[in-house]
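Following: one structure in structure tokens, then a few remarks.
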Amino acid sequence: MNVTKEARLVNTERAKAIVGQLTLEEKVFLMSGSVTWEELVNSMAIGQHYNYVPYAAGGNERLGVPSMRFCDGPRGVVCGDKGTCFPVPMCRGASFDTQLEEEIGHAIGREIRGHGGNLFGGVCINLPYNPGWGRSQEVYGEESFALGQMGSALVRGVQDEGVIACIKHYAFNSMELSRFNVSVDCDRRTEREVYLPHFKDCIDAGAASVMSAYNLYKGTHCGHSDYLLRKVLKEEWGFDGFVISDFVWGVLDTEEAANGGMDIEMCHTKFFGDKLVEAVKAGDVSETRIDEAAMRIIRTLFAFEDAYRDSGKAYDTSHIGCKDHIALALKAAQEGITLLKNQNSLLPLDKGGIKKIAVLGKLGDRENIGDHGSSRVYPEYVVTPLQGISAMLPNSEVIYYNGEDLEHAKSIAGEADAVVFVVGYDCNDEGEYVATNEEHNYMANAGGDRKSLGLHADETALIQAVGPVNSNSTVVLIGGNTILMTEWMDCVSAILMAYYPGQEGGTAIAQILFGDINPSGKLPYVLPYKESDLPQVEWETDHQFYEYYHGYAKLEKEGVAPLLPYGFGLSYTTFAYDKASFATDGDTVTATVQLTNTGTREGTEVVQMYVGFQNSQLDRPVKLLRGFRRITLAPGETQTVSISCPVEKLKYFNVHTGDFELEHMEYPVYIGASASNADLLTGTVSL
């Protein structure tokens, strides 16, 4: 059921006719979250977690207008206590698999309908200016192009199940501790070329709802911003759906929010409702503005409810946390987990040769699926790394120790055939943050932005002391974004980045360690030698300026070599790139290459296309990702791979004309295995 923009617009006149029959109070009710503050407090007091049931807004029984019923995400559906917990989007971003992400969208859509919901508030596509942002685990990486591609895939999958996809948090939201009061600023080119394109990509893919951000942009709350919500989103981009506020603190003024383009205050009503009715009667808010919001809401809800009804599908609770969805979660972990080091081909470990294995580190036997904020999912079970390894080796001795006593850990490691360190972060280190206070302490959670991008000191000491004791040592990293490795990477032979790999994460980790699965994930961010190579952020501040450059583009522009480049990831096989060619028809740029599996086992490679801007008369990146494809090959197999990029994606924003424009020049084009020039074949096209 493809609920396209065209399908939604068909309902415009129908929606307008209904708006004409509504009283002012009924129209404003459509714009108002229906969950009372008391209901929020009481539900949590009796043990029901946040969003245990879909949160409703609006609806009109008299005229047959359905309510909007919100379910949060993005690693699965937050509602209930048995939902499928997928890997966090950062792990899924490492797969570079848009087809799989669309399948995950379908599964999430089915589970939402099973809960009785009709809106998924979990398409999180904010761009981390610095990887220490606590909620960066909820997004697909540091690259705007990849964010747009992966987010659009999730939108398509969710909406094909008759569920409205809500993209968030619009916009410039990539700080946690200061998210309620920080005003973000940047220049116009940075705004349009770096921080807004992925939102537009998802709008162009058909996203029917947008959630505003808590933070301010250029001194105006994003939930009140006439520039962001009306001028850019609704007028310039032609967005036909509705805007909802981030919850509780996303609207802070009745007139500013309503006049700025906010359509629904969520999840309970504080500034809309009666206050908005009075503002209209007083002439502070035009009733025309109310009519527009009501029409957008009704039009969108009708389109999706009609599509779901007409599809003949009727998803019930049997789809929630079902075996097929859990299998999909396992596949996502298998594809996303990234092999960063494999000295002397230590991995995969030989199951038959392992009689005793040591699992060290406090995260080894922890159910660690991400932060405990609004994205928290409650699956029926979680497979820990220790459980996954133990299940893989039923006839071997598996020893677990948290590593507190280094001498004891060294003794264990010295007697083992192999050692696996499981280290990194959990919900206490990073994640959504709401400060504890007497009034709202039921919502308080740990997390926040990271103070450091390195491991905890005790974990670093554990690896440094124990790693050299056993040459068959592997580190498995758990975390939502960049984890620096410079201090300890030489102490072990192999390193896996597992991110937060979901409820079947321990299974996937073991499958990769022992070769049942060939790793194929690629880093969705650059890994620097040191933190100072990245943009610096004051996490607790009232003002933050975002520069034009961040991530791999910043390092390359400044000539700083990374420890590992963006898009890097090893495999248990090898690939060769040959016979690259590059062409353009004026509308697209295409890179073609012959890819051969030169190893001894089947493997999957993520082929990446970059376009360079060295010949620009402006300050532009050296090169940027502009396409990718996953290719699976048998040993010795060769396949011709072509990747195309719309020329539209090569344009820059002209601040004088207010338009995106193409520079007519020679563009270097690259195709290969990562952003490193050493991994790329290159040519040129002229436009």
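The values are calculated or read from the model by the stated rules, or taken from the named source; none is laboratory data. Keep in mind that what you see is a predicted model, and the values were worked out from it rather than measured. Cβ placement follows ideal geometry from the backbone for every residue including glycine, while neighbour counts extend to all protein chains displayed. The accessibility values were calculated without ligands, DNA or RNA, using every heavy atom of the protein model including side chains. Shrake-Rupley method; radii C 1.70, N 1.55, O 1.52, S 1.80 Å.
Can you spot a residue in the range 143-157 that is acidic (D, E), within 10 Å of the chain's Cα centre (by Cα) and modelled with pLDDT of 95 or more?
No, the range 143-157 contains no residue that is acidic (D, E), within 10 Å of the chain's Cα centre (by Cα) and modelled with pLDDT of 95 or more.
For the condition open to solvent by 10 Å² or more (accessible area, probe 1.4 Å) and either touching a Cys at 6+ places or on another chain (Cβ under 9 Å) or closer than 21 Å to I108 by Cα (or both), what is the one hit in D306, D274?
D306
Within the range 40-49, restricting attention to residues that are touching a residue at least 12 places away in the same chain (Cβ under 8 Å) and assigned to a helix (DSSP H, G or I), which residue is least open to solvent (accessible area, probe 1.4 Å)? If you could, list the steps in order and put the result at the bottom.
First, the residues of the range 40-49 that are touching a residue at least 12 places away in the same chain (Cβ under 8 Å): 40-41, 44-45, 49.
Filter again for assigned to a helix (DSSP H, G or I), leaving 40-41, 44-45.
Values: L40: 7, V41: 50, M44: 42, A45: 83 Å².
Applying the filter and picking the extreme gives L40.
Specify the residue that is surrounded by the fewest Cβ atoms within 10 Å (Cβ to Cβ); the eligible residues are those in the range 317-343 that are closer than 30 Å to I483 by Cβ and of a type in the set (K, R).
Among those that are closer than 30 Å to I483 by Cβ and of a type in the set (K, R), it is K341.
Is at least one residue of the range 50-72 part of a strand (DSSP E or B), among the charged types (D, E, K, R) and at pLDDT 95 or above?
yes
Go through Q544, Q594, Q536 for me and flag whichever is in a strand (DSSP E or B), more than 19 Å from V476 (Cα to Cα) and touching a residue at least 60 places away in the same chain (Cβ under 8 Å).
None of the others qualify; the one that does is Q544.
Return the residues of the range 461-487 that are open to solvent by less than 10 Å² (accessible area, probe 1.4 Å) and in a helix (DSSP H, G or I); say none if nothing qualifies.
Answer for the range 461-487, where residues must be open to solvent by less than 10 Å² (accessible area, probe 1.4 Å) and in a helix (DSSP H, G or I): L462, I463, V466, G467.
Out of all the residues in the range 612-626, is one or more under 15 Å from S520 (Cα atoms), aliphatic (A, V, I, L, M) and surrounded by fewer than 18 Cβ atoms within 10 Å (Cβ to Cβ)?
Of the residues in the range 612-626, the ones under 15 Å from S520 (Cα atoms) are none.
No: zero hits.
Tell me which residues, restricted to the range 556-586, are in contact with a helix residue (DSSP H, G or I) (Cβ under 6 Å, 6 or more places away or on another chain) and either closer than 19 Å to K649 by Cα or open to solvent by less than 30 Å² (accessible area, probe 1.4 Å) (or both).
Y566
Can you name every residue in the range 4-32 that is under 21 Å from M266 (Cβ atoms), open to solvent by less than 70 Å² (accessible area, probe 1.4 Å) and in contact (Cβ under 8 Å) with a residue 60 or more places away in the chain?
Keep residues of the range 4-32 that are under 21 Å from M266 (Cβ atoms), which gives 8, 15, 19, 22, 24-32.
Still in the running and open to solvent by less than 70 Å² (accessible area, probe 1.4 Å): 8, 15, 19, 22, 24, 26-28, 30-32.
Hits for the range 4-32 are R8, A15, V19, L22, L24, K27, V28, L30, M31, S32.
Is it the case that the range 309-316 has a residue that's closer than 28 Å to E39 by Cβ and either open to solvent by less than 60 Å² (accessible area, probe 1.4 Å) or of a type in the set (S, T, N, Q) (or both)?
For the range 309-316, residues closer than 28 Å to E39 by Cβ and either open to solvent by less than 60 Å² (accessible area, probe 1.4 Å) or of a type in the set (S, T, N, Q) (or both): present.
Go through A327, A409, A391 for me and flag whichever is of a type outside the set (D, E, K, R) and within 26 Å of the chain's Cα centre (by Cα).
The unique qualifying residue is A327.
In the range 351-374, what residues are in contact (Cβ under 8 Å) with a residue 60 or more places away in the chain and over 28 Å from Q137 (Cα atoms)?
K351, G353, I354, K355, K356, I357, A358
Given the criteria closer than 21 Å to Q544 by Cα and in a helix (DSSP H, G or I), does V194 qualify?
It is true that V194 is closer than 21 Å to Q544 by Cα and in a helix (DSSP H, G or I).
Of all residues in the range 207-216, count the ones that are open to solvent by less than 10 Å² (accessible area, probe 1.4 Å), of a type outside the set (G, A, S) and either assigned to a strand (DSSP E or B) or on the phi > 0 side of the Ramachandran plot (or both).
The qualifying residues number 2.
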